[in-house]
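The values are calculated or read from the model by the stated rules, or taken from the named source; none is laboratory data. Predicted model, so just to flag it, every value in this text is computed and none were measured. Cβ: placed from backbone, ideal geometry, glycine included. Neighbour counts: every protein chain shown.
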Amino acid sequence: MAASNSSPSPRNPELRNDKINNKWIIFSPARSKRPSDFKSKSPVSDPTQPQTHVCPFCIGHEHECAPEIFRVCDDSDPNRWRIRVIQNLYPALSRDINPHDPPDSLECGVITGFGFHDVVIESPTHPIHLSDLPGSGVGEVVMAYKKRVLQIAAFDSVKYVQVFKNHGASAGASMSHSHSQIIALPIVPPSVSSRLKATKEYFEKTGRCILCEAPQKELLIHESKHFLSVVPYAASYAFEMWIIPRQHSIHFHDIDKDKADDLGSILKLMLKKMASQLNYPPYNFMIHTSPLHLDNSYLSSSHWFLQIVPQLSVLAGFEIATECHINPVFPEDAAMILREVHVEDTDNILREIHVEDG
Ligand code: AMP
Ligand code: ZN
Ligand code: ZN
């Protein structure tokens, strides 16, 4: 990392233990240019450019989609929806099979592929991306996630529900219309079990939930009424961000409307900061919650959070082999840059766009 007047001085590589995910991360600034030069080389295309193909997620094309589960709209005009939650036309798991049909044998290492795979269409119009919505609009999307997770939680065979968003082709998105997805699994993924175990061990050693602890000041990006946004101490990815509830909270789906609106605003702010600093990169976000049926012994140490990962590089041989990520940007440098990058409050402008679209 070349030194400059505005960037932090060079540092030696360092290995940090991610105590939450029980991983080791190598911080190696030598592997990149200084953080302020760290920009996406493949920004997601400009959504305001005219659309050249027909999109099934656009308003008016509902019949080209798999069945709707629910929509968010005003009672006065149900056709003018703002959000639709639909089944995935190409689901990873099937909701239509009996979860206990053969082959259902965890002992033999095989279970029936029962589960849910839904799509959340975040806006009726193609050019509007999630971060273009007003904070309360992003909050409405968060409440749609909650409603759907609660519906899915009624199925006994579902053990874990993953809410996630892919934005941009190199972040895994196949559709450019703003959307996120929900996959409900009949198992608890090993990464989740490992996180629960690591945070429980930390609690047993210290008497504290690791995610309730105040972050180091240098890692903090923003504080809202109910949430903190930080770069984690041992971030796996350059400019990775976490949004963490300030109050101990085990399950994402316990969020209420006030907190969802607040989450919507801070999520929008983080997406805007990331876009501004990193040249509109492809990105993913994931809500890391707790398994639906959680043993009482995990209640004090399990705390949900939302992880945002800008896709600036690909995982290569070393990472695949060792699961040790190499991150070229020290978290405190990334946090300083994200804290300081200024973004305009676009809420008012976008309300006008929505009015014109309608
Ligand atoms: P992504 O691939 O992350 O962009 O997510 C888009 C998802 O939408 C994919 O999982 C597709 O299977 C799904 N999909 C594509 N077309 C349709 C459609 N017409 N109706 C419902 N789901 C769709
Ligand atoms: Zn569209
Ligand atoms: Zn906590």
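Of all the criteria given as (1) closer than 28 Å to ARG82 by Cα; (2) assigned to a helix (DSSP H, G or I), the one not satisfied by HIS177 is (2). The lone criterion from (1) within 16 Å of ligand 2 (Cβ to nearest atom); (2) at pLDDT 70 or above; (3) surrounded by fewer than 18 Cβ atoms within 10 Å (Cβ to Cβ) left unmet by THR52 is number (2).
On the stretch given as the range 316-332, residues that are without any contact (Cβ under 8 Å) to a residue 24 or more places away in the chain and either surrounded by 14 or more Cβ atoms within 10 Å (Cβ to Cβ) or under 25 Å from ILE221 (Cβ atoms) (or both) total 1. Candidates in the range 293-316 are the residues that are modelled with pLDDT under 95 and of a type in the set (Gly, Ala, Ser); of these, the one that is nearest to ligand 1 (Cβ to nearest atom) is SER313.
Candidates are the residues of the range 286-299 that are touching a helix residue (DSSP H, G or I) at 6+ places or on another chain (Cβ under 6 Å) and part of a loop (DSSP other than H, G, I, E, B); the one that is surrounded by the most Cβ atoms within 10 Å (Cβ to Cβ) is THR289.
Residue pairs whose Cβ atoms lie under 9 Å apart, separated by 6 or more positions or on different chains, with the first residue in the range 172-187 and at positive phi and the second away from ligand 2 (no atom under 13 Å from the Cβ), are GLY172/ASN166; GLY172/PRO282; GLY172/ASN284; GLY172/GLN311.
Applying the criterion of being of a type outside the set (A, V, I, L, M, F, W, C), part of a strand (DSSP E or B) and surrounded by fewer than 20 Cβ atoms within 10 Å (Cβ to Cβ) to the residues of the range 206-243, the residue that is farthest from ligand 1 (Cβ to nearest atom) is GLU223.
For the range 5-47, the set of residues classified as touching a Ser or Thr at 6+ places or on another chain (Cβ under 8 Å), small (Gly, Ala, Ser) and either over 20 Å from LEU312 (Cα atoms) or modelled with pLDDT of 80 or more (or both) consists of SER6 only.
Residues in the range 123-141 that are within 19 Å of PHE57 (Cβ to Cβ) and surrounded by 22 or more Cβ atoms within 10 Å (Cβ to Cβ): SER123, PRO124, SER131, ASP132, LEU133, GLY137, VAL138, VAL141.
The single condition among (1) within 16 Å of ligand 3 (Cβ to nearest atom); (2) crowded, with 18+ Cβ neighbours inside 10 Å; (3) in contact (Cβ under 8 Å) with a residue 60 or more places away in the chain; (4) in a helix (DSSP H, G or I) that ASP261 does not satisfy is (1). If you go through the range 144-179 and keep only what is under 19 Å from ILE69 (Cβ atoms), within 8 Å of ligand 1 (Cβ to nearest atom) and surrounded by fewer than 16 Cβ atoms within 10 Å (Cβ to Cβ), you end up with just MET175.
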